[in-house]
Amino acid sequence: MCDVPSHLYSFSFAQRRDWSRLCSPQPEILRYLEGVAGRHGVDSLVVPGVDVTACSWDEAHCEWTISSADGRTWQADAVVLATGQLHQPALPRLEGADRFAGHSFHSARWDHDYSLDGKRVAVIGTGASAIQFIPVVAQQAAKLHVFQRTGNWFMARRNRPYPPLIAALIRYIPGLQALRRIYIYYYAELLTLQIRHPRTWGRLGRLISTLHMRRQLKDPEVRRKAWPDYTFGCKRILFSSEFLPTLQLPNVELVTDRIARLSPNGIVTDDGVEREVDCIIYATGFKTTEFMFPMEVTGARGRTLRELWAGGAHAHLGMTVPGFPSLFFMYGPNTNTSGGSIIFYEEAQAGYIRQALELVRDRSAAAIEVRKEIEAASDRELQARFNGTAWVTCDSWYRNESGRIVANWPGYMREYAERVRAIDPSEYRLIQAPAREPEPIAA
Ligand code: NAP
């Protein structure tokens, strides 16, 4: 499931009036995305099953060569790296993990063939992924141990299927669905307001969350263990009305003791207690600061993206970097949202990238490259905007090892959309194709 309401977690040009509920389940979102791709002929352009290992810029011919693990190559005038930030599962290095004899998988590689019915299950992690599946797993498992490292802030989310009357109103009253989208959009912007202003608006958010959590956490021991100890909004605010009650079910245990190691039979915590389990589900997130790596991306003069990003990823508006002509990122550095829809950002990016490519075409150029000073200035401005926000008050997956925030956009969806609505050609350098040697005329 996705906890972003579907009216916003969808393209502005492909709005639907028949979502089954506020936040739709995964199959419904997938069907929607496949439908949009099909209607616009995008699906037929997809080459499936390709593991891209390298993209290299050929200065002499002004083109990119894309190489895959199976030895194939493609030539392209432009490359869009749309891997995003959340696609490489992160597994913790736990002592004894190789000796654990039970079953295990990461939440992003769910083993649908493995039945959890009647099993003793451990879940490690309590982020946005874990809180969505834990209430379901708790219904199936005989015993569920939830290993939490950090308690989180929760907001209520009631997500029953729309009653027939509401569904009919949305479906048949013109404009109602559009109004819902606007309402959800501004609600999401309010979350960003709370994160941007932790001492004022953030306190209001914290109060609302506190009331919800107090209402839901009746067991004082579970409440004590689950309570967060960081500034509201520093990590992802979680939306659930099911997770906290699940922690208080008789077959569920919330474990906050640190994991010391895995044994062949289960998980041993710092206090020496071993919990025997049949299956461990790692809900431990993603290698978020890696973006497209380990893919090797080589730009002009043989410079690699890894070298450019040695101090942490950065890109102008999250999309372009100097020295890498006609290379674009979608869901690249600093374009994640803590309160909003990533689909909204990606739609805005697609429009911007299209304009960049049209500029190349209209000016009969070979490629387009952001000016170094523009990218550096926009990065400085962007990083400065994190000052005073909740994001800088704790450690999170938004930051790299040196503490630089590489994942998130520091402002509102509205600001991002405005910044990328129209490309400013003065921020870019157009590269003309080198004059080619005339082809010898065959005898
Ligand atoms: P995550 O937010 O990074 O959560 C990972 C969890 O694992 C955290 O609770 C973390 O604890 C814990 N953890 C990591 N390493 C650990 C270790 N060595 N020992 C113990 N605990 C460990 O990952 P996620 O839940 O997959 O979500 C990632 C992002 O994907 C979200 O923030 C969100 O942006 C997106 N997402 C969105 C939705 C949606 O519905 N819109 C759903 C799922 C995911 P700490 O907090 O202490 O690090």
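The values are calculated or read from the model by the stated rules, or taken from the named source; none is laboratory data. As the structure is a computational prediction, the values presented were derived from the model and not from experiment. Note that we place each Cβ from the backbone using ideal geometry, even for glycine, and neighbour counts take in every protein chain shown. Heavy atoms of the whole protein, side chains included, go into the accessibility calculation; ligands, DNA and RNA do not. Shrake-Rupley method; radii C 1.70, N 1.55, O 1.52, S 1.80 Å.
Mind checking the full-extension length gain between Gln139 and Lys287? Use 0.36 nm per residue of separation minus the Cα-Cα distance, one decimal, nm.
Details: separation 148, 0.36 × 148 = 53.28 nm, distance 2.99 nm.
Going from the current span to full extension adds 50.3 nm.
Centre-to-centre separation between the Cα atoms of the range 330-348 and those of the range 29-62: 19 Å. With the cut-off at under 20 Å, measuring from each backbone N in the range 1-45 to a point 7 Å along the Cα-to-Cβ line of Ile173 picks out 6-8, 15-23.
Multiplying each eigenvalue of the alpha-carbon gyration tensor of the range 1-61 by 5 and taking the square root yields semi-axes of 32, 14, 12 Å, largest first, rounded to whole angstroms.
Across the options Trp201, Asn387, Tyr185, the greatest Cα extent toward the positive end of the charge dipole of the chain (unit charges at beta carbon of Lys, Arg, Asp, Glu) belongs to Trp201. Cysteines in the chain that lack a partner Cβ within the 4.7 Å cut-off: Cys2, Cys23, Cys55, Cys62, Cys279.
Evaluate E = 1/(1 + (r/R0)^6) for Asp117 and Ala60, where r is the Cβ-Cβ distance and R0 equals 60 Å; express this FRET efficiency to the nearest 0.05. Before the final figure, lay out each step's value.
Values: r = 61 Å, r/R0 = 1.01.
Result of the calculation: an efficiency of 0.50.
Charges were assigned to the Cβ only: +1 to each Lys and Arg, -1 to each Asp and Glu. The resulting dipole of the range 20-166 about its Cα centre is roughly 1220 debye.
Run the numbers for Glu373 and Ala14: contour at 0.36 nm per residue of separation, minus the present Cα-Cα distance, in nm.
Full extension of this stretch gives 125.5 nm more.
Residues in the chain average 50 Å² of solvent-accessible surface per residue, probe 1.4 Å, ligands and nucleic acids excluded.
For the range 63-111, the spread of Cα positions along the three principal axes, ordered from largest to smallest, is 49, 23, 21 Å. Using the Cβ-Cβ distance between Glu274 and Asp219 with R0 set to 22 Å, the FRET efficiency from 1/(1 + (r/R0)^6) comes to roughly 0.40.
Roughly what % antiparallel, to the nearest 5, for the DSSP beta bridges in the range 97-282? Around 25 percent of the beta bridges assigned by DSSP in the range 97-282 are antiparallel ones. Mean residue ellipticity at 222 nm, helices only, the chain: -9000 deg cm²/dmol; runs of at least 4 DSSP H residues each add -39,500 (n - 2.57), and the sum is divided by the number of residues. Candidates Ser378, Ile368, Gly311 compared by Cα position along the dipole of the chain: farthest toward the positive end lies Ser378, with charges placed on Cβ. Across Asp58, Asp362, the residue with the most accessible area heads the list, and the full order at a 1.4 Å probe is Asp362, Asp58. Computed extension gain for Ala435 through Ala108, at 0.36 nm per residue and net of the alpha carbon distance, reaches 112.9 nm. Under a point spin-label approximation (7 Å from Cα along Cα-to-Cβ), what is the Ile182-Gln75 distance to one decimal in nm? In this crude spin-label approximation the distance works out to 5.1 nm.
Label separation (Glu418 vs Arg39): 3.0 nm, computed from points 7 Å beyond Cα along the C-beta direction.
Let's test the formula: R0 of 22 Å, r as the Cβ-Cβ distance of Ser67 and Arg303. What FRET efficiency results, to the nearest 0.05? Before the final figure, lay out the partial values.
Numbers: r = 18 Å, r/R0 = 0.80.
About 0.80, to the nearest 0.05.
Given +1 on the Cβ of Lys and Arg, -1 on the Cβ of Asp and Glu, and no further charges, what dipole in debye does the chain carry about its Cα centre, rounded to the nearest 20? Let's see the in-between values first.
Values: 52 positive and 48 negative charges, 405 e Å.
The dipole of the chain has a size of about 1940 debye.
The label point for Arg361 and the one for Ser241, both projected 7 Å from the Cα toward the Cβ, are 4.9 nm apart. Largest first, the residues His103, His112 sort by 1.4 Å accessible area into His112, His103. In this entry, the chain is assigned a mean projected area of 26.0 nm², taken as a quarter of its C-alpha convex hull surface.
Any chance you could tell me what percent of the C-alpha pair distances in the range 97-282 go past 28 Å?
Counting every Cα pair in the range 97-282, those more than 28 Å apart make up 37 percent.
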